Ligand SMILES: Cc1cc2nc3c(=O)[nH]c(=O)nc-3n(C[C@H](O)[C@H](O)[C@H](O)COP(=O)(O)OP(=O)(O)OC[C@H]3O[C@@H](n4cnc5c(N)ncnc54)[C@H](O)[C@@H]3O)c2cc1C
């Protein structure tokens, strides 16, 4: 399985080990320890920084993709994609608060947090994690939870993938998959500043049930998400598509929302204060994506799990095929941001990445890394 981002598809691994069991993972890690060959796990292959690509050994977890439900808990193989997770849970009338891309991997997403349409109501994907099975770099397979290896379990919830060991199984407390209102509203691009001003007032403080995501492209302004769009309808959208449907269908309906094709550069940051209208950049052929935070995301204290970003109002992603535009507009807006960056949107261009990803949790993460992974077998340019 190749990485999803075209920019990393030329990186040819020495070997791809298709892992079916923790034993397969441990054997490959032993080989890497003995030979010094670089090794990295791959789930869905969506890492923005190419961390699941290497000229060494790729541990392909995709064969481990079972989804089962017992006693209200969902056990999911670490190689499952979000489409497999949603379909497997929907058979039980359940779902998870998780992302939109159907081929995104559940492990990569969960280990870095996990933002999605149900997140303002139920929190991050990692906030629903109750246990994990991990193969440590020394080859031991261990289970962790709040009661077993609690420091490792704390660190797995939000520090980002590939840092402490190779996760082979994840156990979640899922949520009901209820019929949900889906909306997609559009306005002409000329109204972008006005819509953004209202969005910044409304979306981060909206009722938990409403997740309203804003996309500003060269063509138009799009507001899409789950819940009742209420106040946004007062802004006289040019088009409004609103309907209630099974949750799994709502997710599928947003599978192909991205307009950008080709080699896309993406950078992002979190915000706690509104962006002044005058600072809104033009987006010729590019995109600005605004994700609301607040709600349940921010009701978990920053030190309760490794995911430290619990006081943010929204996330802005600058994405485009024009890398100069992405760098320029990111730099222009950065002074208004909180300086924090979502670990699942890793950014190779950050000057001081670790405080941006981990804030005040950085010191504890370093101690846990030294305890579970002293040898530095799993490593990448911005790893702990
Ligand atoms: C098209 C697209 C849509 C996205 N949509 C969303 C979204 O809606 N919400 C959101 O929050 N994020 C989203 N993301 C970001 C996504 O959460 C991250 O890219 C995530 O890390 C992807 O996980 P993966 O398994 O697909 O990627 P991979 O590249 O396979 O892995 C990502 C990182 O995790 C490590 N890793 C993978 N598997 C394991 C494992 N089993 N054990 C230990 N480490 C592991 C890898 O080594 C790598 O460092 C999106 C990204 C893309 C490209």
### Task
Please specify each residue of the range 8-32 satisfying the condition of being modelled with pLDDT under 95 and either touching a helix residue (DSSP H, G or I) at 6+ places or on another chain (Cβ under 9 Å) or surrounded by 15 or more Cβ atoms within 10 Å (Cβ to Cβ) (or both).
8
### Summary
Inside the range 119-156, the number of residues satisfying the requirement of being part of a loop (DSSP other than H, G, I, E, B) and either closer than 20 Å to residue 51 by Cα or within 11 Å of the ligand (Cβ to nearest atom) (or both) is 4
### Message
Take the conditions in contact (Cβ under 8 Å) with a residue 60 or more places away in the chain and either touching a helix residue (DSSP H, G or I) at 6+ places or on another chain (Cβ under 8 Å) or surrounded by 15 or more Cβ atoms within 10 Å (Cβ to Cβ) (or both) and apply them to residue 235. Does it pass?
### Response
no
### Task
Consider only pairs whose beta carbons are under 8 Å apart and that are at least six residues apart or on different chains; among these, list those whose first residue lies in the range 77-103 and is on the phi > 0 side of the Ramachandran plot and outside any helix (DSSP H, G or I) and whose second residue is modelled with pLDDT of 95 or more and more than 10 Å from the ligand (Cβ to nearest atom).
93/176; 93/177
### Query
Can you find a residue in the range 316-325 that is at pLDDT 95 or above and either surrounded by fewer than 22 Cβ atoms within 10 Å (Cβ to Cβ) or within 21 Å of residue 229 (Cα to Cα) (or both)?
yes
### Task
Might you check whether a residue that is surrounded by fewer than 19 Cβ atoms within 10 Å (Cβ to Cβ), under 15 Å from residue 305 (Cα atoms) and more than 8 Å from the ligand (Cβ to nearest atom) occurs anywhere in the range 87-103?
no
### Message
So, residue 187, is that one in a strand (DSSP E or B) and away from the ligand (no atom under 14 Å from the Cβ) or not?
### Response
yes
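Residues checked against (1) within 16 Å of the ligand (Cβ to nearest atom); (2) within 30 Å of residue 282 (Cβ to Cβ); (3) in the same structural domain as residue 108 (by TED's automatic domain parsing); (4) in contact with a strand residue (DSSP E or B) (Cβ under 6 Å, 6 or more places away or on another chain):
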site: 331; (1), (2), (3), (4): no, yes, no, no
site: 339; (1), (2), (3), (4): no, yes, no, no
site: 346; (1), (2), (3), (4): yes, yes, no, no
site: 353; (1), (2), (3), (4): yes, yes, no, no
site: 369; (1), (2), (3), (4): yes, no, no, no
### Task
Just one of (1) within 11 Å of the ligand (Cβ to nearest atom); (2) assigned to a helix (DSSP H, G or I); (3) within 30 Å of residue 350 (Cα to Cα) trips up residue 4, so point out which.
(2)
#### Entry: Every residue from the range 74-84 that is out of contact with any helix residue (DSSP H, G or I) (no Cβ under 7 Å at 6 or more places or on another chain) and away from the ligand (no atom under 11 Å from the Cβ)
75, 83, 84
## Note on the structure
Counting only residues in the range 58-73 that are touching a helix residue (DSSP H, G or I) at 6+ places or on another chain (Cβ under 6 Å) and not in a loop (DSSP other than H, G, I, E, B), the one nearest to the ligand (Cβ to nearest atom) is identified as 59
## Note on the structure
Just one listed residue, out of 358, 309, is assigned to a helix (DSSP H, G or I), surrounded by 20 or more Cβ atoms within 10 Å (Cβ to Cβ) and at pLDDT 95 or above, and it is 358
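The values are calculated or read from the model by the stated rules, or taken from the named source; none is laboratory data. Values in this document were obtained by computation on a predicted structure and should not be read as measured data. So basically every Cβ, Gly included, is an ideal-geometry build from the backbone, and we count neighbours across all protein chains shown.
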